[in-house]
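Shown next, in structure tokens, is the structure this report addresses.
The values are calculated or read from the model by the stated rules, or taken from the named source; none is laboratory data. Keep in mind that this is a model prediction, so the values were computed, not measured. Here the Cβ is made from the backbone with ideal geometry for all residues, glycine too, and neighbour counts use every protein chain on show. SASA here: full protein model, heavy atoms, side chains in, ligands and nucleic acids out. Shrake-Rupley method; radii C 1.70, N 1.55, O 1.52, S 1.80 Å.
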Amino acid sequence: MIKKGLKVIVLTGKDKKKEGEVIEIDRSNNRAKVKDINMVKKHVKTTKEKKGGIFSKESFVHISNLKLIDKKTKTKKIEAKK
């Protein structure tokens, strides 16, 4: 089971074979946000408090495209499907 704070590897997509740490989980949509994976550009309008511009931030990745990495052996952990 993928949880916040665990290390994962990306199996498919533009960030294939990259590793990162899970920073947020969206259980209702089966998606997770991984640090420095699936970076997108966000256009922010200038306000009184904040300066605007174009910022990069992480976007969600579907959980089926992620695999846990075992901390002790640094290898991919195989999960049994229920």
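For the pair SER64 and ILE23, the difference between a 0.36 nm per residue extended length and the Cα-Cα distance amounts to 13.1 nm. Rolling a 1.4 angstrom probe over the chain with all protein chains present gives an accessible area of which 51% lies on carbon and sulfur atoms. Residue by residue, segment 8-14 carries 3J(HN,Hα) couplings of 9, 10, 8, 8, 9, x, 5 Hz when phi is fed to the Karplus relation 6.51 cos²θ - 1.76 cosθ + 1.60 (θ = phi - 60°); x denotes Gly or Pro. Counting only protein chain heavy atoms and rolling a 1.4 Å probe, the accessible areas of ASP36, ASP26, ASP15 rank, largest first, as ASP36, ASP26, ASP15.
Evaluating 6.51 cos²θ - 1.76 cosθ + 1.60 at θ = phi - 60° for every residue in segment 49-58, the Karplus couplings come out as 8, 10, 8, x, x, 10, 10, 9, 8, 6 Hz, glycine and proline recorded as x. Whole-Hz Karplus values for segment 37-45 come out as 10, 6, 6, 10, 8, 10, 8, 10, 7 Hz, taken residue by residue from phi with 6.51 cos²θ - 1.76 cosθ + 1.60 and θ = phi - 60°; glycine and proline positions read x.
Distant-in-sequence amide contacts of LYS18, defined by a placed amide H-H separation under 5 Å and a gap of 5 or more residues or a different chain, comprise VAL10. Think of each Lys and Arg Cβ as +1 and each Asp and Glu Cβ as -1; about the Cα centre, that makes the dipole of the chain roughly 40 debye. Just to be sure I understand, if you calculate Rg and Dmax of the Cα atoms in Å for this structure, which of (1) 15.2, 52; (2) 21.8, 64; (3) 13.7, 46 do you get? For Rg and Dmax of the Cα atoms in Å, the calculated option is (1). In this label model, ASN30 and LYS42 are separated by 2.6 nm, measuring between points 7 Å along each Cα→Cβ vector. If you plug the beta carbon distance of LEU11 and LYS57 into 1/(1 + (r/R0)^6) with R0 = 22 Å, you get a FRET efficiency near 0.50. Measuring against 32 Å, Cα to Cα, the residue pairs LYS45/LYS71; LYS4/LYS42; LYS18/LYS48; LYS14/LYS48; LYS7/LYS42; LYS16/LYS42 contain LYS45/LYS71; LYS18/LYS48; LYS14/LYS48 as the ones spanning a longer distance.
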